[in-house]
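**Q** Handing you this structure, nothing more for now.
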Amino acid sequence: MSAETSDPNPTRGVMGSIDRLSYRLAQTVRTGWFAGHYALTARLSPPPRRDGSGDGGVILPSWQTVNDDLKALFDRDWTNIESGLYRPPHDMWPNPLAVLRQSARYFDDLGQVNDRKRDRRGQEVFTPEHRGRYPRYYLQNFHYQSDGYLSHDSATLYDYQVEVLFTGGADAMRRQLLAPLRDAFADRRIRDAHLLDVACGTGRFLSFVKDNYPRLRVTGMDLSAPYLVRARRTLRHWSRSHLAVGNAEALPAADGSIDIATCVFLFHEVPNAVRRRIAAEIARILKPNGMLLFMDSIQYGDRPDYDPLLDRFPQAMHEPYYADYVRDDLSGLFRDAGFAVEKVERVFFARMMVLRRL
Ligand SMILES: C[S@@+](CC[C@H](N)C(=O)[O-])C[C@H]1O[C@@H](n2cnc3c(N)ncnc32)[C@H](O)[C@@H]1O
């Protein structure tokens, strides 16, 4: 059953209690697993380099604070599920063998990531082979990851690496966009609507969308062909799913042709001017009243006690545009592009924005 057809409260009653227990247990195992990876990664990795400005005396949030916040995210996720806004995660209990294989791959690759981190090598993919085929800003080893976004190995590792970074909370953050997505169907028919996920990566978010709205027509686009191969695999069970290689600065869609655009964790990885071009592109392809459901990293002030972590992040990971991103005026940027800002909310380390094309 899907959210399109199901009882709006499928998680009530005895089955509901079992579902709730199953969800809680799954998230506890998940958090323990990825927090273990996070701790081991920190032990094996070189200490983050400081940028010279000095951060002596800065108080970082405690592990307990972050853990409580992660728990709040899962509470919110479950409340949304229980109230029928969306289904429980389709892969709540992943195949343990597949997880072990991913873990082995992750640690196998970690030595190379750490070598890059130690030497601050973030430009390995700026090669003659790639130059001219991709924008310059894209040819970086973001997070010091092997091959940047440009190999099948990278596409295989990416989701796991992101879950380690967020100690198991990455998918739960993405799912929060399913709540405003449900609202977006209050005044449009699912069957007739077209959703475009800009920079869909390996298709994680789209898999949650399709699991809830199998009849919805969706297109995922991304600059990385290998990531789209992975996305094709992720979405193989669902029809009406299309994938297109392309640049978000020149979206492969006609003016006013899309009902709902989504964009998850892209903006912090592109330069200031590019953010503005992408926002203008999304505005161009959306129908009047079309929705943009946006998610990216939190910014300065979204949760003030996390601000020191926002300073640390681009030093520990290769994130050349992050320091600019966390200071950018996203509401102003979207207003200038022709959107009304309907909602801004923080969920764990993500900022969620609901925007309507004027
Ligand atoms: C941090 S990942 C986020 C992927 C996915 N949305 C998610 O939730 O995991 C950033 C993605 O943006 C893509 N990307 C970066 N710049 C792009 C551009 N100019 N046009 C299209 N995709 C781009 C990358 O290939 C990568 O898949």
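**Q** Quick check on this structure: which one of LEU235, LEU223, LEU286 is under 19 Å from the mean Cα position of the chain (by Cα), surrounded by 18 or more Cβ atoms within 10 Å (Cβ to Cβ), aliphatic (A, V, I, L, M) and more than 9 Å from the ligand (Cβ to nearest atom)?
**A** Within the list LEU235, LEU223, LEU286, the selection yields LEU235.
**Q** Also: State which residue is farthest from ASP77 (Cα to Cα) when the search covers only the stretch 321-341 and only residues that are touching a residue at least 40 places away in the same chain (Cβ under 8 Å) and surrounded by fewer than 16 Cβ atoms within 10 Å (Cβ to Cβ).
**A** ASP336
**Q** Among (1) over 20 Å from ARG204 (Cβ atoms); (2) over 22 Å from the mean Cα position of the chain (by Cα), where does THR41 come up short?
**A** Here THR41 clears every test but (2).
**Q** Search the stretch 149-159 for residues being over 12 Å from the mean Cα position of the chain (by Cα) and within 12 Å of the ligand (Cβ to nearest atom), and hand back the single one that is surrounded by the fewest Cβ atoms within 10 Å (Cβ to Cβ).
**A** For the stretch 149-159, the residue satisfying everything is SER151.
**Q** Then there is this: Just give me the residues in the stretch 245-273 being part of a strand (DSSP E or B), surrounded by 20 or more Cβ atoms within 10 Å (Cβ to Cβ), hydrophobic (A, V, I, L, M, F, W, C) and near the ligand (Cβ under 9 Å from one of its atoms), in sequence order.
**A** Within the stretch 245-273, CYS263, VAL264 meet the criteria.
**Q** Looking only at the stretch 160-181, how many residues end up being within 12 Å of the ligand (Cβ to nearest atom) and aliphatic (A, V, I, L, M)?
**A** Selection size over the stretch 160-181: 5.
**Q** Taking ARG236 as the residue in question, decide whether it is more than 16 Å from ARG175 (Cβ to Cβ), without any contact (Cβ under 8 Å) to a residue 24 or more places away in the chain and in a loop (DSSP other than H, G, I, E, B).
**A** yes
**Q** I'm told VAL162 meets every condition in (1) β-branched (Val, Ile, Thr); (2) more than 24 Å from ARG76 (Cβ to Cβ); (3) under 19 Å from the mean Cα position of the chain (by Cα) except one. Can you identify the failing condition by its number?
**A** (2)
Only the coordinates and a few stated rules stand behind these numbers; no lab work does. Every value quoted in this text rests on a predicted model; they were computed, and no experiment measured them. Counting neighbours? That spans all protein chains shown, and the Cβs are built from the backbone with ideal geometry, glycine included.
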